[in-house]
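The values are calculated or read from the model by the stated rules, or taken from the named source; none is laboratory data. Everything quoted here is computed from the prediction, not taken from an experiment. Cβ: placed from backbone, ideal geometry, glycine included. Neighbour counts: every protein chain shown. Calculation scope for accessible area: heavy atoms of the full protein, side chains included, ligands and nucleic acids excluded. Shrake-Rupley method; radii C 1.70, N 1.55, O 1.52, S 1.80 Å.
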Amino acid sequence: HVQLVESGGELVQVGGSLRLSCAASGRTISSYTMGWFRQAPGKEREFVAGISWSDGSTNYADSVKGRFTISRDNAKNTVYLQMNSLKPEDTAVYYCAAGIGGSYIFKINVRSWGQGTQVTVSS
């Protein structure tokens, strides 16, 4: 399986922006659907965004549509999540995931997880 390492999480003010990166190693990500999940304290891990390996189509959770953008650079084996207009409810640990299937990734279809990066949005 591919190994994933996230970076870019930090403390940010409400309305601010962050870009998360997910560097892959051990295997190319070009044949995986790549995505981001997040988990807030006391809550289940939830899908945030995904990008298909085949046609680059994207999918987003309703809560982040219009604010977050997922992209991938297969040549660099890296996936990004640009997060704008951040809200306190975006506070969570963000996990990169490599999966199979379409641009919406079901947790059961995830083949590799990163270790997570903390995003905290302060009001």
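Could you give the nm distance between label points at Q39 and A75, where each point is 7 Å from its Cα heading toward the beta carbon?
Simple spin-label model gives 3.5 nm for this pair.
Express in nm, to one decimal, how much length is gained between E10 and R67 on full extension, taking 0.36 nm for each residue of separation and deducting their alpha carbon distance.
Computed gain between E10 and R67 is 18.8 nm.
Give, in nm to one decimal, the length gained when the segment between R19 and S57 is fully stretched (0.36 nm per residue of separation minus the Cα-Cα distance).
Length difference between fully extended and current span is 11.7 nm.
Heavy-atom accessible area per residue, segment 1-56, 1.4 Å probe: how many Å²?
Result: 51 Å² of accessible area for each residue.
Using DSSP loop states and a limit of at most 15 other Cβ atoms within 10 Å to flag trypsin sites (Lys or Arg not before Pro), what is the longest stretch of the chain containing no flagged site?
Of all site-free stretches, the longest is 77-123.
Rounded to whole Å and sorted largest first, list the principal axis extents of the Cα atoms in segment 7-92.
Largest first, segment 7-92 extends 34, 25, 22 Å along its Cα principal axes.
Which lysines have a Cα less than 18 Å from the Cα of K87, not counting those fewer than 8 places away in the same chain?
Straight-distance partners of K87: K43, K65.
Are there GluC sites (Glu not before Pro) in segment 41-123 that DSSP marks as loop and that have at most 14 other Cβ atoms within 10 Å, and which are they?
Counting only loop positions with at most 14 other Cβ atoms within 10 Å, the GluC sites (Glu not before Pro) in segment 41-123 are E44.
How much accessible area per residue does segment 70-123 have, in Å², with a 1.4 Å probe?
45 Å²
Using a 1.4 Å probe on the protein chains only, how many percent of the accessible area of segment 1-119 belongs to carbon and sulfur?
Carbon and sulfur: 49 percent of the exposed surface of segment 1-119.
Summing +1 for each Lys or Arg and -1 for each Asp or Glu, what net charge is found among the other residues whose Cβ lies under 10 Å from the Cβ of R45?
Charge balance near R45 sits at +1.
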